[in-house]
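Reviewing the structure listed below.
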Amino acid sequence: MRLATIETPRGPRSAVLLDNHYIDLEATDASLPKSVRGLFEAGSSALKAAHQAAARSAKAVRYEAAGVQLLPPIPDPPKIVCLGLNYRDHAIESGAAIPKEPILFNKYATALIGHGGSIMLPRVSQEVDYEAELVIVVGKRGRNLKAAEGMNYVAGYTVGHDVSARDWQLKKEGKQWMVGKTFDTFAPIGPVIVTPEELFDPHNLRIRLRLNGQTMQDSNTSQMIFRIGEILAYISQVFTIEPGDLIFTGTPPGVGFARKPPVFLKSGDVVEVEIDGIGVLRNPVL
């Protein structure tokens, strides 16, 4: 399935994208949760019911995809965890050593925006950068996982953009990865969450970023240093992962601050992040 959160006259609702329409799940079947996170919390039976509701095309409450306002697929994640330097070539272009363990930081839910939402450049930063990322969506609670079982805890995948204020991240005393990464609007995700049965191999997906139509990043998730099972096993040593948690898995090479001369986002730019099998996340910059 391809799950989304859409704005409706009754507020945000979970939806399934089917044949260029979004099916409002709760309006179609009142027993279903209103939120995508609620679907994951309710487990496999709710996801099966959602699939069945969307398939009942004659009775489904639907909206044309072209006219729908898309919100972040998970607007209220319990946690947003991010990996730094998880692509070998990106670590090299950043002048950093290849990490032996995942490098972690976090964003807050106030940074989330959906497909079409505007990235707002903060007045206090002059070096705002782009980063294309695959985002894991956690489907169930787990602690102290083994890498071999980590994939069983994945609800799906979405496209992410780890917007980064490099002057705050890299030039503040002691470096400030978290604050440089979590200004409001600095975590675009979407447009949909693709469930695992529709994505044959998340470790072999072309990932790219276009800035005003020009390709700036073009790689493949096969280049990730730490794979999905390893990532979930590592972080679950520290805290319980929960349905709706978002895990940004790192970015490939081609980021703006590593270019000569550097390229930073400016008002009027349009950024598109595309991952094969998932879709295109498009956001203007203001």
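If Asp245 satisfies all but one of (1) more than 22 Å from Ala109 (Cβ to Cβ); (2) surrounded by 23 or more Cβ atoms within 10 Å (Cβ to Cβ); (3) acidic (Asp, Glu), what's the number of the condition it fails?
Here Asp245 meets the rest and fails (1).
Yes/no matrix, rows are residues, columns are (1) at pLDDT below 95; (2) surrounded by fewer than 16 Cβ atoms within 10 Å (Cβ to Cβ):
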position	(1), (2)
Tyr87	yes, no
Gly95	yes, yes
Pro102	no, no
Leu112	no, no
Leu121	no, no
Val128	no, no
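Only residues that are in contact with a Ser or Thr (Cβ under 7 Å, 6 or more places away or on another chain) and part of a helix (DSSP H, G or I): list them for region 1-37, please.
Leu25, Glu26, Val36
Is there a residue in region 157-166 that is surrounded by fewer than 15 Cβ atoms within 10 Å (Cβ to Cβ), of a type in the set (S, T, N, Q), touching a helix residue (DSSP H, G or I) at 6+ places or on another chain (Cβ under 7 Å) and in the same structural domain as Ile231 (by TED's automatic domain parsing)? Quick ask: steps written out before the conclusion?
Start the filter on region 157-166 by keeping residues that are surrounded by fewer than 15 Cβ atoms within 10 Å (Cβ to Cβ), which leaves none.
Scanning region 157-166 turns up no residue that is surrounded by fewer than 15 Cβ atoms within 10 Å (Cβ to Cβ), of a type in the set (S, T, N, Q), touching a helix residue (DSSP H, G or I) at 6+ places or on another chain (Cβ under 7 Å) and in the same structural domain as Ile231 (by TED's automatic domain parsing).
Conditions (1) closer than 29 Å to Ala155 by Cβ; (2) at pLDDT 95 or above; (3) outside the structural domain of Glu93 (by TED's automatic domain parsing); (4) over 19 Å from the mean Cα position of the chain (by Cα), marked per residue:
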| position | (1), (2), (3), (4) |
| --- | --- |
| Met216 | no, yes, no, no |
| Phe226 | yes, yes, no, no |
| Glu242 | yes, yes, no, no |
| Phe248 | yes, yes, no, no |
| Ala258 | no, no, no, yes |
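Tyr108 - would you say it is modelled with pLDDT of 95 or more, surrounded by fewer than 21 Cβ atoms within 10 Å (Cβ to Cβ), in the same structural domain as Pro196 (by TED's automatic domain parsing) and aromatic (Phe, Trp, Tyr)?
yes
Test each condition in (1) in contact with a helix residue (DSSP H, G or I) (Cβ under 6 Å, 6 or more places away or on another chain); (2) modelled with pLDDT under 95 for Ser14 and report the one that comes out false.
With (1) in contact with a helix residue (DSSP H, G or I) (Cβ under 6 Å, 6 or more places away or on another chain); (2) modelled with pLDDT under 95 applied to Ser14, the lone miss is (2).
For region 144-169, how many residues meet the condition of being over 24 Å from Pro73 (Cα atoms) and not small (Gly, Ala, Ser)?
Here the count works out to 8.
If only one of Gly190, Gly213 is surrounded by fewer than 19 Cβ atoms within 10 Å (Cβ to Cβ), among the small types (Gly, Ala, Ser) and under 29 Å from Pro122 (Cα atoms), which one is it?
Values: Gly190 fails: surrounded by fewer than 19 Cβ atoms within 10 Å (Cβ to Cβ).
Of Gly190, Gly213, the one residue that is surrounded by fewer than 19 Cβ atoms within 10 Å (Cβ to Cβ), among the small types (Gly, Ala, Ser) and under 29 Å from Pro122 (Cα atoms) is Gly213.
Specify the residue that is surrounded by the most Cβ atoms within 10 Å (Cβ to Cβ); the eligible residues are those in region 14-48 that are of a type in the set (Ser, Thr, Tyr) and under 25 Å from Ile241 (Cβ atoms). Don't jump to the end; show me each part of the working.
So the first thing to find is which residues in region 14-48 are of a type in the set (Ser, Thr, Tyr), and the list is 14, 22, 28, 31, 35, 44-45.
Next, only the ones that are under 25 Å from Ile241 (Cβ atoms) stay: 14, 35, 44-45.
Numbers: Ser14: 26, Ser35: 20, Ser44: 10, Ser45: 8.
Once the filter is applied, the top-ranked residue is Ser14.
Thr182: buried (at least 19 other Cβ atoms within 10 Å of the Cβ), within 13 Å of the chain's Cα centre (by Cα) and polar (S, T, N, Q), yes or no?
Working: buried (at least 19 other Cβ atoms within 10 Å of the Cβ): yes; within 13 Å of the chain's Cα centre (by Cα): no; polar (S, T, N, Q): yes.
No, not satisfied.
Among the residues of region 60-72, write down those that are surrounded by 10 or more Cβ atoms within 10 Å (Cβ to Cβ) and free of Cβ contacts under 8 Å to residues at least 60 places away in the same chain.
Hits for region 60-72 are Ala60, Val61, Arg62, Tyr63, Ala65.
Of a type in the set (Val, Ile, Thr), in contact with a Ser or Thr (Cβ under 9 Å, 6 or more places away or on another chain), under 24 Å from Tyr234 (Cβ atoms) and touching a residue at least 24 places away in the same chain (Cβ under 8 Å): does that describe Thr182? Explain how you work it out, then say what you get.
Details: of a type in the set (Val, Ile, Thr): yes; in contact with a Ser or Thr (Cβ under 9 Å, 6 or more places away or on another chain): yes; under 24 Å from Tyr234 (Cβ atoms): yes; touching a residue at least 24 places away in the same chain (Cβ under 8 Å): yes.
Spelling it out, Thr182 is indeed of a type in the set (Val, Ile, Thr), in contact with a Ser or Thr (Cβ under 9 Å, 6 or more places away or on another chain), under 24 Å from Tyr234 (Cβ atoms) and touching a residue at least 24 places away in the same chain (Cβ under 8 Å).
Select from region 221-242 the residues that are surrounded by 16 or more Cβ atoms within 10 Å (Cβ to Cβ) and of a type outside the set (A, V, I, L, M) and list them in ascending order. Step through it out loud before you land on a result.
Step one: filter region 221-242 for residues surrounded by 16 or more Cβ atoms within 10 Å (Cβ to Cβ), giving 221, 223-236, 241-242.
Hits for region 221-242 are Thr221, Gln223, Phe226, Arg227, Gly229, Glu230, Tyr234, Ser236, Glu242.
The values are calculated or read from the model by the stated rules, or taken from the named source; none is laboratory data. Owing to the predicted nature of the structure, the values given are computational and were not obtained by experimental measurement. Note that we place each Cβ from the backbone using ideal geometry, even for glycine, and neighbour counts take in every protein chain shown.
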